[in-house]
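Here the structure comes first, spelled out in structure tokens, and everything after it is commentary.
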């Protein structure tokens with residue numbers, strides 16, 4: 001698995017590189033955004049570890065650019081950040097980051113988080129290119145959604161949430177499990193984040209909004225049954 005690391009602190013960069021290589025990952029390191037994008041044009045990685053505060057391009061700007069382009073929007077991204085407020089974390093995750101790690105961090109935590117993303121990335125490669133559920137069609141190659149033949153736009157998180165619900169249709173999924181899969185495996189944000197995104201998802205599903213069932217005290221389930 002190929003990992004790109006973008007970090008301007010040389011000592012941290014070397015530590016990350018050594019730790020990842022010791023686990024068998026193929027690693028390329030960059031101290032600025034420009035060098036990263038130059039290499040990105042040549043070869044796409046499976047995972048990007050991205051520092052937020054860089055000397056040339058802010059890490060959040062890099063994340064936005066990755067999510068905007070068709071050939072990079074599905075790359076898994078973990079933010080490396082010294083910003084630890086709930087607002088900063090939620091902003092990064094809602095902006096398209098798959099996980100985050102706070103500075104300072106331990107090598108064991110880093111490897112655990114990267115391993116979790118690697119497992120999710122491997123699982124996603126096995127997903128069907130086309131997912132269907134009662135008139136809802138998701139094209140994972142184009143990342144488009146049609147409802148009864150009409151295309152509807154979804155944000156990155158909304159798309160991932162709908163995809164996960166369809167893959168687990170007729171199964172009750174806890175709010176905690178949704179936080180784990182969609183927002184990062186040990187994300188400590190309150191479950192209102194899930195509830196808010198479920199509401200937005202229901203609004204976009206329009207007449208099919210009631211397919212997302214609320215299981216009181218537990219979470220949600222996608223089902224056509226009453």
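Summary of values
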| quantity | calculated |
| --- | --- |
| Given (1) at pLDDT 95 or above; (2) crowded, with 17+ Cβ neighbours inside 10 Å, number of the condition residue 15 does not satisfy | (2) |
| Residue in the range 27-46 that is farthest from residue 3 (Cα to Cα), counting only those that are in a loop (DSSP other than H, G, I, E, B) and touching a helix residue (DSSP H, G or I) at 6+ places or on another chain (Cβ under 8 Å) | 31 |
| Checklist (1) within 29 Å of residue 23 (Cα to Cα); (2) surrounded by fewer than 20 Cβ atoms within 10 Å (Cβ to Cβ); (3) at pLDDT 90 or above applied to residue 54, failing item | (2) |
| Count of the range 87-107 residues which are without any contact (Cβ under 8 Å) to a residue 60 or more places away in the chain, in contact with a helix residue (DSSP H, G or I) (Cβ under 8 Å, 6 or more places away or on another chain) and in a strand (DSSP E or B) | 1 |
| Condition check for residue 89: touching a strand residue (DSSP E or B) at 6+ places or on another chain (Cβ under 9 Å), modelled with pLDDT under 85 and either surrounded by 17 or more Cβ atoms within 10 Å (Cβ to Cβ) or at positive phi (or both) | yes |
| Qualifying residue in the range 47-60 (condition: out of contact with any helix residue (DSSP H, G or I) (no Cβ under 9 Å at 6 or more places or on another chain) and in a loop (DSSP other than H, G, I, E, B)) | no |
| Leading residue by the ranking (modelled with the lowest pLDDT) among those in the range 191-215 that are under 19 Å from the mean Cα position of the chain (by Cα) and surrounded by 13 or more Cβ atoms within 10 Å (Cβ to Cβ) | 191 |
| The lone exception for residue 72 - which of (1) in a helix (DSSP H, G or I); (2) surrounded by fewer than 20 Cβ atoms within 10 Å (Cβ to Cβ) it fails | (1) |
| Any hit, the range 125-138, residues being free of Cβ contacts under 8 Å to residues at least 24 places away in the same chain and within 17 Å of the chain's Cα centre (by Cα) | yes |
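Residues are listed down the side, and each one gets a yes or a no for (1) under 16 Å from residue 96 (Cβ atoms); (2) crowded, with 16+ Cβ neighbours inside 10 Å; (3) assigned by TED's automatic domain parsing to the domain that holds residue 92:
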residue: 108; (1), (2), (3): no, no, yes
residue: 141; (1), (2), (3): no, no, no
residue: 147; (1), (2), (3): no, yes, no
residue: 152; (1), (2), (3): no, no, no
residue: 156; (1), (2), (3): yes, yes, no
residue: 170; (1), (2), (3): no, no, no
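The values are calculated or read from the model by the stated rules, or taken from the named source; none is laboratory data. From a predicted model like this one, the values you see are computed outputs, not experimental measurements. Every residue, glycine among them, receives a Cβ derived from its backbone with ideal geometry; neighbour counts consider all protein chains shown.
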